[in-house]
Amino acid sequence: MNRIESRNNGIIKAAAALSKRAERYGNRRFTFEGVHLLEEFLRAGHSPCAVFVREDRTRDLSRLLNLAGCEVYEVTAPVYDKLTSEQAPQGVFTVAEFLDNIKDFGGFEPCGTNTLLLDNLQDPGNVGTAVRTATALGARVVLASCADIYSQKTVRASMGSVFFGDITVCRDSAEAIESLKKSGLRVIAAALYGKNEKLGGFDILPDDCFVIGNEGGGLSEKVLSMCDFSSRIPMTCGAESFNAAAAAAIFLWEAKRKTL
């Protein structure tokens, strides 16, 4: 195990720079902080590029660090603070290569499961939470112009589900919807308007795709027009709409429970 005491060390500066999207995609590497995320990363069968451990955590994390199977750097607290943006860091910071399970768009084929298409979601918390839900319920995820799946906030909100999920990233929803429909799948917009059906009032097919819109603006008229129909979640009066991640969870659970 190597020890680093300088915040100006080249290895530290390179790892810290990955907090910027341009650096992540230029180097095809990303970072995350925390014990649970490293455990999930290893459980998914991935191998880190490097792990940085704060000196006060070296002993109690020794078993996990041995399992990492990569270069491990012990760093001082000031050095560690340069790496992490967490309010309550856990003392272990990982650098990893981009993941094979997160693919760039190249067309879709039926996969026998539901698909969750997230359209222009900009809150990393919503994106990560939706990925977590979809992975737990066995759904494919399509991210169209969403917050970066490799940002530390998105990875943290997913609780490691980004390491396991079937995830595709594409430029826009129209491109994805066209491909999904060409493959014979039905595409349903989660919306309060359009050709509307109440959720629970129609039969959900095992490979239906649900489209969730932007937190503030919802779905565009173009996206709505491309969907087969829209569906609304019944609500009591007083609430305008559901949070995007909550709406995704409700649609996917409604689909999942039909198979139980």
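Just so it is clear, none of the values below were taken in a lab; they were calculated from the coordinates. Computed from a predicted structure; not experimentally measured. With ideal geometry, Cβ positions are generated from the backbone for all residues, glycine too; neighbour counts draw on all protein chains shown.
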Exercise. Using θ = phi - 60° and the Karplus form 6.51 cos²θ - 1.76 cosθ + 1.60, what ³J(HN,Hα) does each residue of the range 75-80 get, whole Hz, x for Gly and Pro?
Worked result: 10, 6, 4, x, 5, 4
Problem set entry | Largest to smallest principal axis extent of the C-alpha atoms in the range 120-195, angstrom | 35, 23, 22
Exercise. Looking at the range 2-97, what % of its DSSP beta bridges pair antiparallel, to the nearest 5?
Worked result: 55 percent
Exercise. Short version: ³J(HN,Hα) in whole Hz for each residue of the range 18-28, in order, from phi by Karplus 6.51 cos²θ - 1.76 cosθ + 1.60 (θ = phi - 60°), x for Gly and Pro, what are they?
Worked result: 5, 5, 8, 4, 4, 5, 4, 7, x, 9, 6
Problem set entry | Between helix 124-136 and the chain: long-axis angle, C-alpha atoms, 0 to 90°, nearest 10 | 70 degrees
Exercise. Within the P(r) computed for the chain, what percentage of the Cα pairs occupies the region above 36 Å?
Worked result: 23 percent
Problem set entry | the range 156-232 - share of DSSP beta bridges that are antiparallel (%, nearest 5) | 10 percent
Exercise. Taking only C-alpha pairs under 8 Å that are 6+ residues apart, what is the relative contact order of the range 2-97 in percent?
Worked result: 44 percent
Problem set entry | the range 33-164: translational diffusion in µm²/s, Stokes-Einstein, Kirkwood Rh over Cα pairs, 20 °C, 1.002 mPa s | 135 µm²/s
For this session: Considering only DSSP beta bridges where both residues belong to the chain, give the percentage that are antiparallel (nearest 5).
Result: 25 percent
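Based on DSSP H runs of at least 4 residues, each adding -39500 (n - 2.57), what is the mean residue ellipticity at 222 nm of the chain after dividing by all its residues, to the nearest 500 deg cm²/dmol?
-9500 deg cm²/dmol
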For this session: Give the shape of the range 156-260 as rounded, prolate or oblate, defined through the alpha-carbon gyration tensor: a ≥ b ≥ c are the square roots of its eigenvalues, a/c under 1.5 means rounded, and otherwise the shape is prolate if a/b is larger than b/c and oblate if not.
Result: rounded
Exercise. Which far-off residues, 5 or more places away or on another chain, put their amide H under 5 Å from the one on residue 4, with H placed in the peptide plane?
Worked result: 74, 75, 76
Problem set entry | Total charge dipole magnitude, the chain, about the Cα centre, Cβ charges on Lys, Arg, Asp, Glu only, Debye to nearest 20 | 160 debye
Exercise. Highest GNM mean-square fluctuation, the chain, Cα pairs closer than 10 Å: which of 114, 196, 126?
Worked result: 196
Exercise. When the chain is fully extended, how far beyond the present Cα-Cα distance does residue 60 get from residue 76, taking 0.36 nm per residue of separation?
Worked result: 4.2 nm
Exercise. Which residues' amide hydrogens lie under 5 Å from the amide hydrogen of residue 32, considering only partners 5 or more residues apart or on another chain, with H built in the peptide plane?
Worked result: 94
Exercise. Amide H of residue 197: which non-local residues (sequence gap of 5 or more, or other chain) have their own amide H closer than 5 Å, using H built in the peptide plane?
Worked result: 230, 231, 232
Seminar exercise, completed: Which of 160, 112, 91 fluctuates most in a GNM of the chain (C-alpha springs under 10 Å)? That residue is 112
For this session: Please sort by residue number the trypsin sites (Lys or Arg not before Pro) in the range 52-86 whose DSSP state is loop and whose Cβ has at most 14 other Cβ atoms within 10 Å.
Result: 59
Problem set entry | Whole-Hz couplings from phi, Karplus 6.51/-1.76/1.60, listed for the range 211-223; x for Gly and Pro | 10, 10, x, 4, 4, x, x, x, 9, 6, 4, 5, 5
For this session: Would you mind checking the tilt of helix 173-182 against the longest principal axis of the Cα atoms of the chain, expressed as 0 to 90 degrees and rounded to 10?
Result: 60 degrees
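State, to one decimal in nm², a quarter of the convex hull surface area for the C-alpha atoms of the range 1-105, i.e. the direction-averaged projected area.
Approximately 6.8 nm², given one-decimal rounding.
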Exercise. If you line up the long axis of helix 244-257 against the longest principal axis of the chain, both from Cα atoms, how many degrees apart are they, to the nearest 10?
Worked result: 70 degrees
Exercise. Out of 225, 62, 85, any idea which swings most in a Gaussian network model of the chain, alpha carbons joined below 10 Å?
Worked result: 62
